[in-house]
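The values are calculated or read from the model by the stated rules, or taken from the named source; none is laboratory data. What you see is a predicted model; the values in this text were computed from it and never measured. Using ideal geometry, Cβ is built from the backbone for each residue, glycine included, and neighbour counts are taken over all protein chains shown. In case anyone asks, the SASA skips ligands and DNA or RNA and just uses the protein heavy atoms, side chains included. Shrake-Rupley method; radii C 1.70, N 1.55, O 1.52, S 1.80 Å.
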Amino acid sequence: MLIKNLISNSIQKDKRIAIHILDKVQFINTSDIVFIEASGSYSDIHCFENNKYTVTKILKEFEEFLEED
C-alpha cells in the first residue's frame, strides 16, 4: 500500500515530507524516495543516491500522509 501511494503521488504531484535532522528541518520529495522501512518506533527513509534518513515516525504515519489528496 505504501509503495503504491508513493508511486501514485510522484506521478500526480510531488508531495514533500518534512524530516528533522539535528536541529534543522529538511524536505524530501516523495519522488526521491525509493522505499520506507519500519524499524520499531522509527522509520528508515531510503532515497536515491544511497541517502538514508532515520526518523521518529512510524510507517503508519507515512501511509496516512501519502493517502491524503
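The table for this structure:
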read-out	value
Test: residue in the range 30-42 that is modelled with pLDDT under 90, touching a helix residue (DSSP H, G or I) at 6+ places or on another chain (Cβ under 7 Å) and small (Gly, Ala, Ser)	yes
Residues within the range 29-42 that are of a type in the set (Asp, Glu) and outside any strand (DSSP E or B), tallied	1
Positions within the range 43-64 being in contact with a helix residue (DSSP H, G or I) (Cβ under 9 Å, 6 or more places away or on another chain), open to solvent by 60 Å² or more (accessible area, probe 1.4 Å) and either of a type in the set (A, V, I, L, M, F, W, C) or in a strand (DSSP E or B) (or both), in sequence order	Phe48
